[in-house]
1. Can we say I343 is part of a helix (DSSP H, G or I) and out of contact with any helix residue (DSSP H, G or I) (no Cβ under 6 Å at 6 or more places or on another chain)?
2. Do you know which residues across the stretch 385-403 are buried (at least 24 other Cβ atoms within 10 Å of the Cβ), over 18 Å from V363 (Cα atoms) and not hydrophobic (A, V, I, L, M, F, W, C)?
3. Evaluate the stretch 171-189: report whether one residue or more is of a type in the set (D, E, K, R), in a helix (DSSP H, G or I) and over 21 Å from the mean Cα position of the chain (by Cα).
4. Residues in the stretch 210-219: is at least one free of Cβ contacts under 8 Å to residues at least 60 places away in the same chain, buried (at least 16 other Cβ atoms within 10 Å of the Cβ) and in a helix (DSSP H, G or I)?
5. Pick out the one residue from K127, K90 that is more than 23 Å from I186 (Cβ to Cβ) and outside any helix (DSSP H, G or I).
6. Yes or no: A151 assigned to a loop (DSSP other than H, G, I, E, B), buried (at least 22 other Cβ atoms within 10 Å of the Cβ) and not basic (K, R)?
7. I need the full set of residues from the stretch 288-329 which are without any contact (Cβ under 8 Å) to a residue 40 or more places away in the chain and either touching a helix residue (DSSP H, G or I) at 6+ places or on another chain (Cβ under 8 Å) or of a type in the set (A, V, I, L, M) (or both), in order please.
8. Pairs needed: first member in the stretch 14-38, under 11 Å from M172 (Cα atoms); second member anywhere, surrounded by fewer than 24 Cβ atoms within 10 Å (Cβ to Cβ) and of a type in the set (F, W, Y); C-beta distance under 6 Å; at least 6 residues apart or different chains.
Amino acid sequence: MNKLANELGTENIGKLLIKQAVPATIGILVMSLNMIVDTIFVGQWIGVLAIAAITVVLPIVFLISSIGMGIGIGGSSIISRALGANNTEKAFLTFGNQISLTVILALLFVILGTIFSVPILNLFGAKGLILPIASEYFSVVIYGVPFLAFAMMGNPTIRAEGKPKFAMYAMMIPAVLNVALDVVFIKFFNWGMWGAGLATSISFASCGLYILYFFLSSKSELKIIPRNFKLNFKIVDEIIKLGGVSIVRQGAISILMIVLNYSLFTYGGEISISIFGIINRVMMFTLSPVLGVSQGFLPVAGFNIGAKNNARVKETIKKAIWFGSVLGTIIFIGIVVFKKEIIWIFTNDATLLDETPNAMLIVFLVTPIVTMQLIGSAYFQAAGKAMPALLLTLLKQGIFLIPLAYILPRYYGIDGIWWSFPIADVLSTIITIWVLKREINKNLK
């Protein structure tokens, strides 16, 4: 653990953020290909409705697997602070409790998801011709979800150890595998949506198994110790409070998807759901560098908060926001310049090629400022302050975007849905800046 302390506690903040953020960015970038590749291949080889089906199914999959992500982020916050305070016993106990919680809860929700698949798909917008295609895809993908949940738990935990490269490898393996299997199952075996689902499910399993291998190997400083599987109330309570932020955020995203799909279907039919499906995949892929900065920020900030080094914490906040804002600006310029070419990758459907570019431009309009939202909520998670982290996390998707996406199209039609995104971003950023500035002035003097 001395090497970790030397790096996170003493190394230059700029270099440290780059060292942590670059592997996280690459990992997120490549992992997002799991969703993008499915969308591209089914759009080109199966049809427009297949894009709509994936748009409906994936939020359900990620809602269930977000249990692992929440446990991972909550637990990694505890682990980072424990390591910063040189409390390895608490770090090991937290890790064991993370594993138990993930396995128990993921399996429970997968069972429920399987039993109530049709009502759930209907709720998330699988209407009309979309339902049978979505059902075929969901019936296979659901079996890979427990592996994905374990991977989402393990990934931030690996970063909390100060091993960002291994976290990156864990996210790269399934993306590469998914590309290969999609070609085989969809193009050559002609298995359609079932084949796309099987490829995705196998890729999830490969990610979870690699992370299990890492923790069992000598490369991990955190060890799987059976006695630590016994749930400790204080540890579980802290994991749930902090990790609940991520779970609630994903829950808000899921509710948002229900509202969006309802509004999209009402004001534009199946084609509008396909348009948003493409925009959403582009968003996941292009925002990977910004998300990587926020993921790289967490272990650096958490360790130095635990070590009570306020000067380094403030420097980490400032540089993370600066890095992310520069990246966000570059991303927006890229969208403006190449918006038509990006859509062409997904489909050759004339309607989608005509209507998607302008909608995408509106959705990405204020991308340069989104880092401030991410770093604001990430700071409070790193500091173990669950309530402000939760409130800031819910600002965009829950407090602003859901009502805007429901109300604006009543007056402005389908364009009202697209304009909901930049309006929600601006309002969320203003509040986040105010809350974060107040916290810095009060507790990081």
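1. Details: part of a helix (DSSP H, G or I): yes; out of contact with any helix residue (DSSP H, G or I) (no Cβ under 6 Å at 6 or more places or on another chain): no.
No; evaluated as a whole, the condition is false for this residue.
2. T393
3. yes
4. Going through the stretch 210-219, the residues free of Cβ contacts under 8 Å to residues at least 60 places away in the same chain turn out to be 210, 213, 216-219.
From what's left, buried (at least 16 other Cβ atoms within 10 Å of the Cβ): 210.
Imposing the further condition that a residue be in a helix (DSSP H, G or I) reduces the set to 210.
Yes, the stretch 210-219 has at least one match.
5. Values: K90 fails: outside any helix (DSSP H, G or I).
Going through K127, K90 in turn, the sole match is K127.
6. So A151 does not fit the description; no.
7. Listed by number, the residues that qualify are A311, V326, T329.
8. Pairs found: S32/F285.
Coordinate-derived values only; no laboratory data. It should be emphasised that the depicted structure is a prediction, and the values quoted were computed from it without experimental measurement. Cβ coordinates were reconstructed from backbone atoms using ideal geometry, including for glycine residues, and neighbour counts include every protein chain displayed.
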